[in-house]
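Read-outs throughout are calculated quantities, based only on the coordinates presented, and are distinct from any laboratory measurement. The structure presented is a predicted model; accordingly, all values stated were derived computationally and were not measured. So basically every Cβ, Gly included, is an ideal-geometry build from the backbone, and we count neighbours across all protein chains shown.
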Amino acid sequence: MLDRRQLEALAAVAEHGSFGAAARTLSLTLAAVSLRIKALEQHLGRRLLVRGKQVRPTPAGEALLSHAKQVRLMEADLLAGLQGGTAAGSRWQALSVAINADSAAAWFIPGVAALAARHRLLLEIVIDDQDHTHDALKRGEVIGCVSTLATPLRGCLAEPLGVMRYRCMATPEVARRCQGPGGRVSPHRLLAQPAVIFNRKDALQDAFLAQHFGLHQPHYPRHFAPAVDAFETAIEQGLGWGMVPELHLAQRPGRPALQELLPGATVDVLLYWHHWEREPPSAQRLTQAVRRAAGQALAPAGAGTAAALP
């Protein structure tokens, strides 16, 4: 049998990235946390954490963290059932998920808000690029993620959610700077203008240039704005051109006008919901809400050619 206190210590160190922060969270001494994890490693005969400036779990530690999260959820669901399952009598229950920022703002949070309120769920949303959210599930940090990867991890399922479509947008003034004779976009002039990019993991603009201009690994100036509002505001202020979700373009009443640089030239990203194959009831309800929300907001999976992002 695994010792619950040892598992809690492991989870706290992994979640906070240090023994000191874990000790403060658990109201324990640093030595007590270290001894619990050392005892767990000796019991299993495996190193569970890589010690360093930033503590991180080993592959064995990742598997154990995933197990610990499942146990927590099953216990919380059991207690809620024993208490009659009423929202007033049940405890708040935490669920961690990894989502790309565009999805979180456009359809995920609106789609699961009612469920969270009804079942007293506390959502910890880990924001990352859609090509990298899968890593958080692999490390055992979250119980589900929205990802572009189609292959599930062992013990998990990957369900296609639909296509998130992006269009290349800019202010009319920036758009004019990108145009050559005849008003058509000139690749040379486009690359002379800065792009507005969400963060350094964001490859949507490279996918756009590769798909519609045949340009691979091009060099061009870049602004980075790692927040949805800041990203779109930067484009509105004329800092450069950028890839904006079609869902966001439909929600812009009263905001400055943007112009599509290459009308009809989209980048379609097929998204998947990765989750445990054997889910506790609370996680099952979240999966059902994610399916419904994506089905209402995203284009069907076969609606276009999904981008294979670099």
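Structure above, values below:
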read-out: Cβ-based exposure ranking for 233, 133, 148, in which fewest neighbours within 10 Å come first; value: 233, 148, 133
read-out: For the stretch 200-229 versus the stretch 106-165, the gap between their alpha-carbon centres in whole angstrom; value: 24
read-out: Nearest-0.05 FRET efficiency for residue 278 and residue 251, computed from C-beta distance (R0 45 Å); value: 0.75
read-out: Order of 164, 1 under a 10 Å beta carbon neighbour criterion, fewest first; value: 1, 164
read-out: Point-to-point label distance, residue 25-residue 288, nm (Cα→Cβ direction, 7 Å offset); value: 3.0
read-out: Trypsin sites (Lys or Arg not before Pro) restricted to the stretch 129-183 and DSSP loop, no more than 14 other C-beta within 10 Å; value: 154
read-out: Options [x] 38; [y] 49; [z] 45 - which one matches percent of Cα pairs over 28 Å apart as calculated here; value: [y]
read-out: Ranked 156, 168, 178, criterion: other C-beta atoms within 10 Å, fewest first; value: 156, 178, 168
read-out: Extension gain, residue 132 back to residue 217 (0.36 nm per residue minus Cα-Cα distance, nm); value: 28.6 nm
read-out: Dipole moment magnitude, nearest 20 debye, the chain about Cα centre, only Lys, Arg, Asp, Glu C-beta charged; value: 560
